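Right, one structure below, let's go through it.
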C-alpha cells in the first residue's frame, strides 16, 4: 500500500490558511509572501519596499528562517514591527507557523504584512499561507536559466522581481531570454527589474503593491 | 498520536545509501555530492573541475534538477557522461533516485562521480546518498551571512567552495566574517575561494579532490 502523505499535510495546511485569509480580509490587511533563493535580496527588497510605502501604510514583517534572527533585527532597526519564525530545519513556512506569528501582531492597526519565506525556490511553492499574493525574487547573479530549472515558483507567483539589475554588466545575464522564459510559464505576472540596495526601480513595484493594499 | 514520518523515510533512504556506498567502494569510485543554492555556480564548478581532472581520472556527472536537462547537456558537450535526474518537484535527491542514475553508468571504468544535487541549501543536507563527501558551494552574491541562516549545510559539508570571488568588489561581502562564521559551525572543512567561470583558484580545490579520488 502506498500512502500519499502529501495530501493530508496539505489539507491541514490549507484549512488553517483559509482561517488566516478570513482574518486578514476582516481586518483589511494585505499579505504578500516573498519567495526566493538564499541571498537573492529578500530582506533588502523588504527594506526598500518599507521605505517606499511606510508613509501611506502601517506595515509589519514576518521573517521565516531555518535559524537566526538577523533579518528581523534589520527590519526592527527601521522601526517596523517584525516577528521572526525559526522553522528549525523546515524548508518552507506552513500556515500553522504563520498563525503563531500573526497572533502576536495587532491586525486592527495594520495595512500590509510582508512575509519573507525561507530561502528556497522549491518547497514554499506548494503551501498556501492565506496570503493575497506570492511574489518571487530572482537576482541577476543566479542566472537567466532559472525559469527552466525551477518552473513551479515562476508559475505560482503573482509578480516577479528581478533584483540586482545593477550587476547585469558583471554577469552574462540574457534579459530577453529570461523574460521570454517567464512569459512561457506565467503570461500574467509583471516583471519588476530593481536594484534593492540602490533603491533603483523600486517605485514601479511599490506602486503595484500599493494599489492592492488600498483595495484590501 | 503523533507519527514521525521523517524517521522511516530516512531509514529506507539510508539502507539504499549503504548499498550504493558498498558498490562505489567495490569499484574504487569516489563520489562527491555538490550542495548549493540555485545559481551559485554548481554546473560551472563541475565544468572547471572536469577541466582540471579529466587527464588523470574517468569522470561522470549525475545532475539533479526539478525539471529540464540543460545542465546535463552542458556536461555532455564536454564529452563527459552525464545522467539527468528530474525529481519532478522534490527539493533534494534521495538514494533511490541516485541508484537509478548509477545503474546506467559503468562503474568499472569510472574513478569519480560528481553529483549535482537540487539547488537548495536546506533539504539535501539530511539525505545520505552513499557519497564519500558532501561539498557545498556558496557564491559571493548570496552574502556573507548565510552560515548564520543555513547552518545545517555548513555543518554537514566536508569542504566549502566560495564561488564568484571575482565579484567581491561589486558586493559588500566580508570574507573574514564569512570564514569565521564557517569555522564556528565546522572547524575542519577547508574553504576554497574560486571563480569557476574564470578558472581562478580551481587548482587548490581540484588537488584536494584528486587526493581523495586516488585513495578511493
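Here are a few things to note about the model shown:
- Here the spin labels are modelled as points 7 Å beyond Cα on the Cα-Cβ line, and at residue A:55 and residue A:108 they lie 2.9 nm apart.
- Going from the residue with the fewest nearby Cβ atoms within 10 Å to the one with the most, B:69, A:40 rank B:69, A:40.
- Measuring nothing but how far apart in sequence close Cα pairs (under 8 Å, 6+ apart) lie, relative to its length, chain A scores a relative contact order of 26 percent.
- Note on B:168, B:136: ascending count of other Cβ atoms within 10 Å places them as B:168, B:136, the fewest first.
- Percentage relative contact order, the range A:95-173, counting C-alpha pairs under 8 Å, at least six apart: 32
- Projecting 7 Å from Cα along the Cα-to-Cβ direction, the label point of residue A:191 sits 3.5 nm from its equivalents in the other copies, listed shortest first.
- Inter-copy label distances at residue A:168, shortest first and taken from points set 7 Å along Cα to Cβ: 2.8 nm.
- Here the average projected area of the convex hull drawn through the C-alpha atoms of the protein assembly as shown stands at 21.0 nm².
- Backbone N within the range A:104-119 under 15 Å of label point (7 Å from residue A:27 Cα along the Cβ vector): A:104-115
- Per-bin percent of Cα-Cα distances, the range B:28-215 [10 Å]: 10, 40, 38, 12, 1
- Take each residue in B:167-176, count the other chain C-beta atoms within 10 Å of its C-beta, and the mean is 2.
- Residue exposure proxy: B:12, A:74, ordered by other Cβ atoms within 10 angstrom of their Cβ from fewest to most, comes out as B:12, A:74.
- Euclidean distance between Cα centres, the range B:48-73 to the range B:164-180, Å: 27
- The range A:71-137 shape via C-alpha gyration tensor axes, a/c threshold 1.5: prolate
- Look at the stretch B:84-91: the mean tally of other chain Cβ atoms within 10 Å of its residues' Cβ atoms is 2.
- Inter-probe distance in nm under a simple model that places probes 7 Å from Cα toward Cβ, at residue B:200 and residue B:133: 2.3
- The range B:1-70: translational diffusion in µm²/s, Stokes-Einstein, Kirkwood Rh over Cα pairs, 10 °C, 1.306 mPa s: 104
- Spacing of the two label points (7 Å from each Cα toward its C-beta) at residue A:176 and residue A:9, in nm: 4.3
- Modelled FRET efficiency - R0 22 Å, residue A:99 with residue A:212, Cβ distances, 0.05 increments: 0.50
Here, each number is a calculation from the coordinates, and none is a lab measurement. Since the model is a prediction, treat every value here as computed from it, not as a measurement. Note: ideal-geometry Cβ built from the backbone for every residue, glycine included; neighbour counts use all protein chains shown.
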